[in-house]
1. For the stretch 547-571, enumerate the residues that are farther than 16 Å from Thr503 by Cβ and surrounded by fewer than 18 Cβ atoms within 10 Å (Cβ to Cβ).
2. Out of Val303, Val299, which single residue is over 27 Å from Glu215 (Cβ atoms) and in contact with a strand residue (DSSP E or B) (Cβ under 6 Å, 6 or more places away or on another chain)?
3. Taking interchain pairs and intrachain pairs at least six residues apart, which have beta carbon atoms under 7 angstrom, with the first residue in the stretch 576-590 and without any contact (Cβ under 8 Å) to a residue 60 or more places away in the chain and the second buried (at least 24 other Cβ atoms within 10 Å of the Cβ) and of a type in the set (Ser, Thr, Tyr)?
4. Just for the stretch 168-195: of the residues that are in contact with a helix residue (DSSP H, G or I) (Cβ under 7 Å, 6 or more places away or on another chain) and surrounded by fewer than 21 Cβ atoms within 10 Å (Cβ to Cβ), which one is modelled with the highest pLDDT?
5. Taking Phe131 and the conditions (1) surrounded by fewer than 19 Cβ atoms within 10 Å (Cβ to Cβ); (2) among the aromatic types (Phe, Trp, Tyr); (3) touching a residue at least 60 places away in the same chain (Cβ under 8 Å), which numbered condition does it fall short on, given that it satisfies the others?
6. Hey, any hits in the stretch 147-156 for a residue that's in contact with a Pro (Cβ under 6 Å, 6 or more places away or on another chain) and either surrounded by fewer than 19 Cβ atoms within 10 Å (Cβ to Cβ) or not in a loop (DSSP other than H, G, I, E, B) (or both)?
7. Out of Gly294, Gly233, which single residue is closer than 20 Å to Ser84 by Cβ, of a type outside the set (Asp, Glu) and assigned to a loop (DSSP other than H, G, I, E, B)?
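The values are calculated or read from the model by the stated rules, or taken from the named source; none is laboratory data. None of these values were measured; they are calculated from a predicted model. No Cβ is skipped: glycine too gets one built from the backbone with ideal geometry, and neighbour counts run over all protein chains shown.
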Amino acid sequence: MAGHPQEWGRRVYWAAPLSAIAAGPFVKRHRLGSVLALSFAATAVVVAATVSLLLGEMASDHSRRRIAQELEELASQLRDRLDSGLGERLHDMQLIAAMERAGEPSPRRGAERFVLESLKTSFSQYAWIGFADIDGQVLHATGGMLEGVNVSERPWYQGGLQGPFVGDVHEAKLLAKLLPAPASGEPLRFVDVAAPVIGPDGTVEGVLGAHLSWEWAHHVVQSTFRIAGKTRGMETFILSRDGKVLLAPPGKEKETMPDLGGASSRIARWSDGHPYLTATSVSTGFGNDYHGLGWQVVVRQPVEAAFQPIRQLQWAILLGGAVAALIFAVLGMWLARVLAKPLLELASAADRLRHGEHDVRIPDANQYREAARLSASLRHLVASLTNKSAKLAALNASLEEQVHDRTEMLDRANQHLLGTLQEREMLVQRLEELANTDSLTGLLNRRAFFERADQERRHAERGGTSLAAIALDIDFFKRVNDQHGHAVGDQVLQALARTCHLTLREVDLIARFGGEEFILLLPDASLADGIRVAERLRQAIAALRIPLPDTMLGITVSLGVAVHRHGLALDALLTQADHALYAAKRNGRNRVEYLPEEMAGQDAASG
């Protein structure tokens, strides 16, 4: 092993760095200026990059929210324009139908058809307007279409008899052959609006109805996008209340919208497999008579198109950060060299002093405070060495005295610390007591009760013993507060707490659950034991008398008893006691009720 030349060579090779480390001051080190320059440059680059990334992420997050809000606002604008359009058309029908009351020409006398034709001309998306009498026969209609035809079975006529009516989108029935096909090539579809025509005697004499071409919805979508000035791949879908597609971009009528989980906007993958930023808005109606058809307006935009401004912003921030990092790095290197120059001069003078040279001139480094202080310190260093030696001797002489004083001081501090720890322990005990008890009655609070009650339940499960719970509530306690004041109510609660303590065992748990409601837990107690204790407690409380300035106040309580069965959770046990308590209140109060054992067993099995 020792004679193997290659192994020996490897040992010498790896030992060389160790010897260099052991050489200490003889190891070559970097110059301070170079270290500071590189440190400043690296710090500048890291800080600039970090700030750029943080700003980019913050700006991106803000931009995402803004883009999503813009899409939501666009969907809301579409919804509002659709709702207001139908609301206004319904108002048209109501206005024409009400003309007779105002003494104006109506669809039933004078210029009947002229009025309908004028209304149709005022809004080009009206496909047909007509008036049908009480028998459903069309008397007057725009263009004379369907006059003499009976429309009593049509939904718009039947709905109009009942009041202002707006019907959902449907394909044309009677007018399909009479009207030209839409320019979009889709089937002719209508939205119906109708209003009853009321005679002077207040009876319905007919229905004024109109078919609004579904091309109106296409026009609303196009004009909304044109006004908003946003199109980057945005597409609009209108869905009916039951999810049926009413309007969609050409060729995409069969696409299904993903579940947005209740959000008004989010990124979701549609049935075509592509992710879209999707925003929805549900129709809410317009005015007092039109309450909306439950349409859902959906606006989607490809994620790539929606977030393109964000990517441009991120690249701009990264480029700006890179330029800033380069500038800061150059400035940092220059500043490092300026800062290092006086320190290097002082280091050279100190090195000459270390080698024993005399009359070494310490340079005046006044460029900044730290260098000036170091220069002054070096000037006085040699002169102060003698004084330091004398002071060291005096320091050694007084060291024992200082140690003695410090020891006494530590003893006093230990005594003080011991007293502080005892006070802290007492404070902790007091805080635990406050945390576990009700401040008014001194009974357990809900949290402490559940902790100890759960322990008793587990003990009963392991030992196979019974456990009874009693729910107690003061009868008509609100009447006490209302008639005598809350101070008397507090006296009643305190007197009841004392009576419970005197009546029950030390092992029994008593807690105030809130207001006038209390809960008791009796370990090793059967249902019969619980009923007996509850009755004894009821009688003791009924015998209480709380002194008032002019009378003696008596109270009664209602109690419900339940017993624990194997496998029954603590919450279920308390719920059974509450059920029994409610039964006591229903049966006249000031009594004890209990849950029959067969019902308790059923509850335990279901629990």
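1. Answer for the stretch 547-571, where residues must be farther than 16 Å from Thr503 by Cβ and surrounded by fewer than 18 Cβ atoms within 10 Å (Cβ to Cβ): Pro547, Leu548, Pro549, Asp550, Thr551, Met552, Leu553, Gly554, His566, Gly567, Ala569, Asp571.
2. Answer to the selection: Val303.
3. Every condition considered, the pairs that remain are Ala584/Ser558.
4. Looking at residues that are in contact with a helix residue (DSSP H, G or I) (Cβ under 7 Å, 6 or more places away or on another chain) and surrounded by fewer than 21 Cβ atoms within 10 Å (Cβ to Cβ), I get Pro182.
5. Every listed condition holds for Phe131 apart from (1).
6. The answer is no, given that none of the residues of the stretch 147-156 is in contact with a Pro (Cβ under 6 Å, 6 or more places away or on another chain) and either surrounded by fewer than 19 Cβ atoms within 10 Å (Cβ to Cβ) or not in a loop (DSSP other than H, G, I, E, B) (or both).
7. Matching residue, one of Gly294, Gly233: Gly294.
A quick yes/no check of all residues on (1) assigned to a helix (DSSP H, G or I); (2) closer than 24 Å to Ala268 by Cβ; (3) at pLDDT below 85; (4) not assigned by TED's automatic domain parsing to the domain that holds Ile238:
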residue	(1), (2), (3), (4)
Arg300	no, yes, no, no
Glu304	yes, yes, yes, no
Pro309	yes, yes, yes, no
Leu313	yes, yes, yes, no
Ala316	yes, no, yes, no
Gly320	yes, no, yes, no
Ala324	yes, no, yes, no
Ala336	yes, no, yes, yes
